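Remarks on the structure that follows.
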Amino acid sequence: MGTGRLDGKFALVTGGSRGIGRAIAQRLAADGATVVLTYARDAESAADNVARIEKDGGRAIAIQADLGERGDADRLWAAYDEATGGARVDIIVNNAGIGRSDDLEHLTEDGFDQVFAVNVRAPFFIVQKALPRLNDGGRIINVSSGLARVAMPEIMAYGATKAALDNFTTNLAVELGPRGITANSVRPGIIDTDVNASWLRGNQEAWDHSASMSALGRVGAPEDVADVVAFLASDDSRWVTGSVLDATGGSKL
């Protein structure tokens with residue numbers, strides 16, 4: 001149940017059609033925000049999430065934004081302006097990302113460039129282009145990963161992108177602090193989403209192993225992360241900035 005504490009706010013949630021982003025969009029809308037959620041290709045899932053939010057009494061708009069190419073941040077904000085009538089933005093959640101990469105031996109330069117383009121370059125320029133339309137006292141929330149702090153060599157490039165995102169967060173906190181804008185990262189662990197479905201769902205051994213890595217003894221749900229993001233989006237987090245919040249359920253402690 002939402003609180004209404006984001007009434008009157010506009011929130012951008014990238015990758016808001018599925019998984020963690022879907023849950024974040026639903027939670028921020030439940031708290032009163034008008035949510036503009038982006039999707040890369042799955043228009044059906046995006047429309048379904050908008051319908052779900054509206055059914056629950058919230059407000060949401062879906063816009064298409066493929067964030068792997070130069071200039072995509074400009075195109076995203078142009079679509080935002082058109083969809084909202086030029087509304088200023090209060091909350092930016094950089095959630096969209098490529099969730100895996102090849103290992104050191106097999107990763108190509110093109111693959112390296114692509115994962116960094118979507119996971120690092122896109123959030124950087126989304127924020128840069130947002131500065132003239134971002135309200136003072138706003139919130140920037142970057143969805144990182146527990147792999148920013150632990151080794152998993154088979155997808156090390158992915159982990160490196162999330163470490164870069166956390167450093168970006170720290171610098172944003174200092175850069176934008178004079179405007180009362182906070183910047184924080186959230187680090188999910190293994191979450192039951194479509195991205196992980198191929199190896200996690202229906203594989204009891206993988207499920208049990210994933211649950212065992214958490215101090216809380218279970219696999220995470222998208223709502224577990226969305227609730228942390230909702231806190232950071234609210235005025236309750238006004239004295240929290242430059243932080244990285246672990247939302248892994250205490251994995252690999």
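The values are calculated or read from the model by the stated rules, or taken from the named source; none is laboratory data. Since the model is a prediction, treat every value here as computed from it, not as a measurement. Using ideal geometry, Cβ is built from the backbone for each residue, glycine included, and neighbour counts are taken over all protein chains shown.
Key figures for this structure:
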{"item": "Elements of type strands (runs of 3 or more DSSP E) contained in segment 42-145, each with 1 or more residues being farther than 18 Å from Leu28 by Cβ, in contact with a strand residue (DSSP E or B) (Cβ under 7 Å, 6 or more places away or on another chain) and modelled with pLDDT of 95 or more", "result": "59-64"}
{"item": "The lone exception for Gly16 - which of (1) out of contact with any strand residue (DSSP E or B) (no Cβ under 9 Å at 6 or more places or on another chain); (2) crowded, with 23+ Cβ neighbours inside 10 Å it fails", "result": "(1)"}
{"item": "Search result, residues across segment 180-222 that are among the hydroxyl-bearing types (Ser, Thr, Tyr), out of contact with any helix residue (DSSP H, G or I) (no Cβ under 8 Å at 6 or more places or on another chain) and either at pLDDT 85 or above or under 13 Å from Lys252 (Cβ atoms) (or both)", "result": "Ser212, Ser214"}
{"item": "Hey, Arg70 more than 30 Å from Gly189 (Cβ to Cβ) and touching a residue at least 60 places away in the same chain (Cβ under 8 Å) or not", "result": "no"}
{"item": "Lone qualifier among Ala230, Ala226, Ala206 - being out of contact with any Cys (no Cβ under 6 Å at 6 or more places or on another chain), in a helix (DSSP H, G or I), aliphatic (A, V, I, L, M) and free of Cβ contacts under 8 Å to residues at least 60 places away in the same chain", "result": "Ala206"}
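For (1) closer than 19 Å to Asn196 by Cβ; (2) of a type outside the set (S, T, N, Q), each residue gets a yes or a no:
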site	(1), (2)
Gly86	no, yes
Val89	no, yes
Asn94	no, no
Val118	yes, yes
Arg121	no, yes
Leu172	no, yes
